[in-house]
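A.B. asks: Once you've had a glance at the structure underneath, I'll fire off some questions.
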Amino acid sequence: MKRHAGFASHLLLAVAAAACAAPQPGARGQPEGAPPAADPRRIVSLVPAATEILFGLGAGDRIVGRTRWGVYPPAARRIPDVGDGIRPAMEAVVARNPDLVILYDGEANRTSRERLGRLGVPTLALRHNTLEDLRRNILRLGEVVGCPAGGRVLVDRIERGLAAATASTKGRLRIRVYYDAWAEPPMTIGRGSFIDSLLAVAGATNVFGDLDAASPRVSLEAIIERDPELILVAVPGEALDRQPDFAGRNGWERIPAVSAGRITTLDRDLVTRLGPRVAEAAWAIAGALHGVLPHVPAPSDPPCPS
């Protein structure tokens with residue numbers, strides 16, 4: 001199945017962020033280079049989830065630059081786009097005159113952090129793979145914008161949402177699923193990814209949940225051998241009602257779930273974003289697996305409006 005070039009870039013960016021997120025020397029998540037500004041007011045966020053978190057904390061008006069994928073909530077689209085989150089365009093970032101730049105932790109961004117440090121621009125590098133990373137990032141960003149209590153409120157809200165989603169699927173038959181992250185070569189998610197955790201919350205068993213990597217490559221033969229009951233495919237919101245076309249994937253008809261048409265779509269922007277909407281994502285996955293479930297509460301107002 002062919003995929004749109006924009007989707008390819010988005011997915012490869014997410015995979016690269018996961019693959020490159022090895023901790024760097026020094027304390028994790030600490031600004032390096034120039035000393036961090038107290039209560040920063042001009043933030044460039046090169047991590048889409050961090051953009052969502054800042055809006056969730058009520059600090060969205062402090063963001064003066066975002067990555068091209070940081071378009072949620074809708075108000076984020078009004079913020080100038082400075083390019084990619086991995087190896088960002090330094091000229092575009094510095095032109096925003098930031099007093100803090102948030103980027104992915106990992107070797108791929110080491111040079112960018114060093115260059116920003118030499119220019120006197122503080123950075124905050126975030127690991128970005130698991131639900132525990134999300135919790136840590138929210139609390140850290142709450143501290144950074146002077147709202148630690150708001151960070152705790154947001155974490156508690158997410159944890160309660162995940163607990164409610166877990167309770168809603170209690171006693172239901174767990175469905176064995178294959179999460180289709182990439183077609184060729186086949187890539188899925190392992191237990192190193194927050195999506196594996198969301199599948200468990202939603203009442204599913206990831207057939208490759210025994211793999212440590214966040215985004216492992218797998219073989220077609222391995223997928224056939226593990227025989228998932230359902231294939232999950234993340235697609236753009238406008239394509240949710242269209243059945244994904246697997247006809248162009250050589251050999252995939254040998255997977256019983258594919259030949260039987262047991263393929264379910266998920267909202268890509270929702271389920272692939274490790275941010276404040278993870279509980280909503282878990283509910284969406286649970287609904288796709290089990291049908292209508294009790295209604296998930298709507299998000300509350302930001303805990304720390306600027």
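A.B. asks: Within region 236-243, is there a residue that is in contact with a helix residue (DSSP H, G or I) (Cβ under 8 Å, 6 or more places away or on another chain) and either within 30 Å of L57 (Cα to Cα) or modelled with pLDDT under 95 (or both)? Break it down stepwise before answering.
C.D. replies: In the first step, residues of region 236-243 are kept if they are in contact with a helix residue (DSSP H, G or I) (Cβ under 8 Å, 6 or more places away or on another chain); the result is 236-237.
From what's left, either within 30 Å of L57 (Cα to Cα) or modelled with pLDDT under 95 (or both): 236-237.
Scanning region 236-243, I find at least one residue that is in contact with a helix residue (DSSP H, G or I) (Cβ under 8 Å, 6 or more places away or on another chain) and either within 30 Å of L57 (Cα to Cα) or modelled with pLDDT under 95 (or both), so the answer is yes.
A.B. asks: Let me ask something additional. Return the total of residues in region 70-105 being charged (D, E, K, R) and part of a strand (DSSP E or B).
C.D. replies: Pass one, region 70-105, residues charged (D, E, K, R): 77-78, 81, 84, 87, 91, 96, 99, 105.
Keeping just the survivors that are part of a strand (DSSP E or B) gives 81.
Here the count works out to 1.
A.B. asks: Continuing with this model, one more query. Just checking, how many residues over region 258-283 are in contact with a helix residue (DSSP H, G or I) (Cβ under 7 Å, 6 or more places away or on another chain), open to solvent by 40 Å² or more (accessible area, probe 1.4 Å) and of a type in the set (G, A, S)?
C.D. replies: Number satisfying all stated conditions: 1.
A.B. asks: Additional query: Find all pairs meeting these conditions: Cβ atoms under 6 angstrom apart; at least six residues apart or on different chains; first residue within region 234-247 and under 8 Å from L266 (Cα atoms); second residue open to solvent by 20 Å² or more (accessible area, probe 1.4 Å) and of a type in the set (S, T, N, Q).
C.D. replies: A234/T272; V235/T265; L240/T265
A.B. asks: Answer yes or no: is there a residue in region 109-120 that is acidic (D, E), in contact (Cβ under 8 Å) with a residue 24 or more places away in the chain and under 25 Å from P236 (Cα atoms). First the steps, then the outcome.
C.D. replies: First pass over region 109-120, keeping only residues acidic (D, E): 114.
So of that shortlist, the ones also in contact (Cβ under 8 Å) with a residue 24 or more places away in the chain come out as 114.
Those left that are additionally under 25 Å from P236 (Cα atoms): none.
No - not one qualifying residue is present in region 109-120.
A.B. asks: Now, a different point. Return the residue satisfying two criteria in turn: it lies in region 137-163 and is open to solvent by 40 Å² or more (accessible area, probe 1.4 Å) and either hydrophobic (A, V, I, L, M, F, W, C) or in contact with a Ser or Thr (Cβ under 9 Å, 6 or more places away or on another chain) (or both), and of such residues it is nearest to V101 (Cα to Cα). I'd like the intermediate steps shown before the answer.
C.D. replies: Pass one, region 137-163, residues open to solvent by 40 Å² or more (accessible area, probe 1.4 Å): 139-140, 143, 146, 148-149, 152-153, 156-157, 159-160, 163.
Filter once more, keeping what is either hydrophobic (A, V, I, L, M, F, W, C) or in contact with a Ser or Thr (Cβ under 9 Å, 6 or more places away or on another chain) (or both): 139, 149, 153, 157, 163.
On the way: L139: 17, A149: 22, V153: 24, R157: 26, A163: 33 Å.
Per the stated criteria, the residue is L139.
For (1) over 15 Å from the mean Cα position of the chain (by Cα); (2) surrounded by fewer than 23 Cβ atoms within 10 Å (Cβ to Cβ), each residue gets a yes or a no:
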position: P40; (1), (2): yes, yes
position: I53; (1), (2): no, no
position: P74; (1), (2): yes, yes
position: I79; (1), (2): yes, yes
position: G83; (1), (2): yes, yes
position: M90; (1), (2): yes, yes
position: N109; (1), (2): yes, no
position: L124; (1), (2): yes, no
position: N129; (1), (2): no, yes
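A.B. asks: Continuing with this model, one more query. Across region 184-222, what is the total count of residues that are among the hydroxyl-bearing types (S, T, Y) and surrounded by fewer than 18 Cβ atoms within 10 Å (Cβ to Cβ)?
C.D. replies: As a first pass, look at region 184-222 and keep what is among the hydroxyl-bearing types (S, T, Y): 188, 193, 197, 205, 215, 219.
Next, from what is left, pick out any that are surrounded by fewer than 18 Cβ atoms within 10 Å (Cβ to Cβ): 205, 219.
Qualifying residue count for the region: 2.
A.B. asks: I want to confirm something. Restricting to region 138-196 and keeping residues that are aromatic (F, W, Y) and modelled with pLDDT of 95 or more, which single residue is farthest from V233 (Cα to Cα)? Can you show your working first?
C.D. replies: The first filter runs over region 138-196 and keeps only residues aromatic (F, W, Y), leaving 178-179, 182, 194.
Still in the running and modelled with pLDDT of 95 or more: 178-179, 194.
On the way: Y178: 9, Y179: 6, F194: 16 Å.
That would be F194.
A.B. asks: Separate question: Give me the residue from region 204-263 that is more than 20 Å from G291 (Cβ to Cβ) and among the hydroxyl-bearing types (S, T, Y) and, out of that set, nearest to the chain's Cα centre (by Cα).
C.D. replies: Out of the qualifying residues, it is S215.
A.B. asks: Would you check which residues across region 244-257 are at pLDDT 90 or above and open to solvent by 20 Å² or more (accessible area, probe 1.4 Å) and list them?
C.D. replies: Of all residues in region 244-257, those at pLDDT 90 or above come to 249-257.
N250, E253, R254, P256, listed by residue number.
A.B. asks: So, one more: Return the residue satisfying two criteria in turn: it lies in region 55-69 and is out of contact with any Ser or Thr (no Cβ under 8 Å at 6 or more places or on another chain) and assigned to a loop (DSSP other than H, G, I, E, B), and of such residues it is surrounded by the most Cβ atoms within 10 Å (Cβ to Cβ).
C.D. replies: L57
The values are calculated or read from the model by the stated rules, or taken from the named source; none is laboratory data. As the structure is a prediction and not an experimental result, all values here were calculated from the model. All Cβ positions, glycine included, derive from the backbone under ideal geometry; neighbour counts span all protein chains shown. Just the protein is used for accessible areas: all its heavy atoms, side chains included, with ligands, DNA and RNA removed. Shrake-Rupley method; radii C 1.70, N 1.55, O 1.52, S 1.80 Å.
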